[in-house]
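The structure appears below as structure tokens.
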Amino acid sequence: MDCREILRRYYGYSSFRKGQEEIIASALEKRDSLVLMPTGGGKSLCFQIPALAMPGCAIVVSPLIALMNDQVAALKANGISAEAVHSNQDETVNRDNLYRASIGDVKLLYISPERLTAEFERIRAHIPVSLVAIDEAHCISQWGHDFRPVYTSLSVIKEAMPDVPVMALTATADRLTRADIAGALGLRDPFVWVGSFDRPNLSLTVLADPGKKQRLRVIEAFVRKYRLDSGIVYCLSRKKTEDMHKSLLDMGIKSVCYHAGLSPADREAAQKAFVNGEAQVVCATIAFGMGIDKSNIRWVVHNNLPGNIESYYQEIGRAGRDGMPAETLMFYNYGDVIMRRNFVEDSGQREINGEKLDFMQRYAEASVCRRRILLSYFSEETVTDCGNCDNCRNPRKRFDGTILAQKALSAVIRINAREAMNTVIDILRASNRADIIRKGYHQIKTYGAGRDLGAREWHNYLLQMVQLGLFEVAYDDNLHLRPTPLGMKVVKGLQRVELATFEPQEPWMNKRKGSEMKDPVRQLSPEERLMEQLKRVRMELAKKENIAPYMVFADTSLDDMVRKRPLDIDAFREINGAGVLKTVKYGKSFISIIRKFETGKAGMPAGTSQKETLMLFEAGMEADQIAAIKDVSVPTVYSHLAQWAEEGKEIDFRRLVTVEELDTVCSVFSKDPDNAYEILKTRYSIPNHIIRIARLEASI
Ligand code: ADP
Ligand code: ZN
């Protein structure tokens, strides 16, 4: 079958995304490839389609069991035979799956790297391997942020099966890691595809940490704004994750908590609740998300600073995988920087991790287009600002901040650079906190010199001064602020300073009071109401089949339904993501909602069932499979197809009757047409539905 036809039939998509066709073609030519695409870019199709187009079974190496099971379930939902082998399921199931792969019953076999290594000889001997796809291929690189030693043993694949094409896929963007992958796997002259890492649908915002109360309000605002969808709050530690989770529960928000300290059962339950849509928010450490393929995550909040750009980008990348708009927000404060520095000190690779953290910090503090910073980190050229980050949306006005800087610098100098930022702010704002008085800070000349500005403003300006290089932060000495030589020039009036005006720019809050939300509960538009109903149906169908809602249909498909409003099964087939199997299995449920919405009546047009049968038959399914999918009898399937043939549709009868049956029917009819049915039934045990088709074929 041609690849476009596979795309349409199984996945219900009408065109390939950029790169997919070239990558698929290289696999079909048995060439190795290295595929670099961001999360959500469409990597899976790149190996799934060649797997379907080639004889044999494709092996897919994936490090995450949850992800494997999800992908297998999603493939099955599209009518593709896929199975998984890993240590988290019964050994008899594993044996069975391997056996079925060896006899050609499985087109895609997902396997953990441990298992592949352990069973390699057996697999090589018994399974006709068409292709090996290695997902999350960056795990093979020691330079990456996610090195897994077991991945290094995957080099055996190319050594032992040099003629089988290997496709390495990753969403990792850092160049050191990229360069490593092909070599470590022993790829030969690979076709390399580097997709754009831009995800223009993700809005980017970094907010100077407004304190816990405000942070919770911002999260609440997201939950309300996207009440039919979900979001992730990433936190730095297990404890912070639990705290956040509890606070959200207290606010009546359906949240679950996910981190490495939970038992596997608890983790699975949390993940399931989130994927099923029972929980709207998951509070998680970085351990969460790798295995999540949920497409309707509409927002991601970083409660804390991530350790590097790669992780940050991967984490925000969990939102909006369906390509529709999604919002990301990071809270930034200095406390996190210290925590992260400590992690770096304790990590095996101090230098490289330190640099990565520096870059992350620069990103957080930047006042230019954030997307350009990200893309330049991934070595992509950009010439224009993105218009979808906080710095683009609110380009900040600038003013002469020399006097402000002088005040701050002189305060720091007078206390001998022995305090961190918050205390410096307190001094400038004339706090009479006990320790300030005890240390005699109220007697210095600059005490209260910055009374006219709020603490948040000062915080923001001091951060800018650090960025501008007027201060340095003593990471090795309690984060004390120290004036730099440039700072000293400013104090002496030898250097002017320009600062960006501080504006509390978060759209969620009123400017001054900072607490009330603008847009509490608004009326739903008709489109949104329809969407809500479609989501409910999706949820019911998913529950019935015990799969995740997005496996029934992704949000993009529901969106397409709202746009196109299909009223019959043919129109439904044109919906993005509606392959043949899903059209037949789920089409009616959605169509009847849409019909009700559009016309007030829910019934289906006559002939729907016949059309479904034809679709499945034309997609290559046999009568008994069709009967099972539609939950009707085999004679009914035959009867549908006979009706089509009678209406002039070309039906491949050879798939419905054997040559012997045809011969028998013909000869009996020619001898004794009046009693033919009776004779065929009693003497030859040929049932009516076969006779009907045979007669059509023989035109008798
Ligand atoms: P990745 O593995 O790169 O993170 P996926 O393969 O999971 O991304 O694809 C992300 C989403 O995009 C999935 O919902 C997938 O079905 C969809 N998708 C992939 N290719 C296409 C295409 N050609 N047309 C429409 N949707 C696509
Ligand atoms: Zn921008």
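Where a number appears in this text, it was derived from the coordinates with a stated rule and is not lab data. The model shown is predicted, which means the values in this text are computed figures rather than measured ones. With ideal geometry, Cβ positions are generated from the backbone for all residues, glycine too; neighbour counts draw on all protein chains shown.
Tabulated values for the structure
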quantity	calculated
Nearest-ten-degree value, helix 334-346 long axis tilted from longest Cα axis of the chain	70
Leading residue at positive end of dipole, segment 612-700 (Cβ point charges), from Ile629, Phe617, Ser670	Ser670
Rg and Dmax of segment 188-284, Cα atoms only, in Å	16.6, 57
Two-decimal Rg to Rh for segment 380-505 - Kirkwood Rh, Cα set	1.03
Theoretical gain in end-to-end length, Asp163 to Glu622 [0.36 nm per residue, Cα-Cα removed]	161.8 nm
Mean separation of Cα contacts under 8 Å (6+ apart) over length of the chain, as relative contact order %	11
Value of [θ]222 nm, deg cm²/dmol, for the chain, DSSP H segments ≥ 4, -39500 (n - 2.57) each, nearest 500	-14000 deg cm²/dmol
By average C-beta atoms within 10 angstrom, highest first, the peptides 36-42, 212-218	36-42, 212-218
The chain: angle of helix 580-599 to the longest principal axis, Cα-based, in degrees nearest 10	70
Neighbourhood net charge (12 Å Cβ-Cβ; Lys/Arg +1, Asp/Glu -1) for Gln89	-2
Other-chain or far-sequence residues with amide H under 5 Å of Ala133's (modelled H)	Ile59, Val60, Val61, Met167
Derived scalar couplings ³J(HN,Hα) [segment 253-264; Karplus, 6.51 cos²θ - 1.76 cosθ + 1.60; whole Hz; x for Gly, Pro]	9, 6, 10, 10, 10, 9, 7, 5, x, 7, 5, x
Net charge contributed by nearby residues that have their C-beta within less than 12 Å of Val412 (K/R +1, D/E -1)	+2
Relative exposure of Phe669, Phe553, judged by other C-beta atoms within 10 Å (fewest first)	Phe669, Phe553
Protection proxy ranking, peptides 636-642, 2-8, 226-232, average beta carbon neighbours within 10 Å, highest first	636-642, 226-232, 2-8
Stokes-Einstein D (µm²/s) once Rh is taken as the Kirkwood radius of the chain over alpha-carbon pairs, at 37 °C in 0.692 mPa s	113
Exceeding the 32 Å Cα-Cα cut-off - candidates Lys439/Lys489; Lys18/Lys544; Lys225/Lys596; Lys240/Lys294	Lys18/Lys544
Size of charge dipole - the chain - debye, nearest 20, with Cβ of Lys, Arg +1 and Asp, Glu -1, no other charges	3240
Total formal charge among the other residues, if their Cβ is under 13 angstrom from that of Ile49, Lys/Arg +1 and Asp/Glu -1	+2
Kirkwood-Stokes translational diffusion coefficient of segment 359-436, alpha-carbon pairs, 37 °C, 0.692 mPa s, µm²/s	211
Distance (nanometres) between label positions extended 7 Å along Cα→Cβ at Thr382 and Val368	1.1
Separation in nanometres of the label points that stand 7 Å from Cα toward Cβ, at Asn432 and Asp570	8.4
Residues of segment 1-34 with amide N under 16 Å of the 7 Å Cα→Cβ point at Glu545	9-13
Extension gain (nm, one decimal) between Glu119 and Arg418, 0.36 nm per residue minus Cα-Cα	101.5 nm
Dipole of segment 537-614, positive end: most advanced residue of Met551, Met539, Gly577 [Cβ charges, Cα centre]	Met539
P(r) weight above 22 Å for segment 549-637, C-alpha pairs, percent	27
Measure of compaction for segment 1-139 (Cα Rg per 2.2 N^0.38 Å)	0.99
Gained length - Ala260 relative to Asp105, 0.36 nm times residue gap less alpha-carbon distance	52.2 nm
Where labels lie 7 Å past Cα in the beta-carbon direction, separation of Val93 and Asn478 in nm	5.6
0 to 90° range, to nearest 10: angle between helix 91-102 axis and the chain longest Cα axis	60
DSSP beta bridge pairing in the chain, given as percent antiparallel to the nearest 5	15
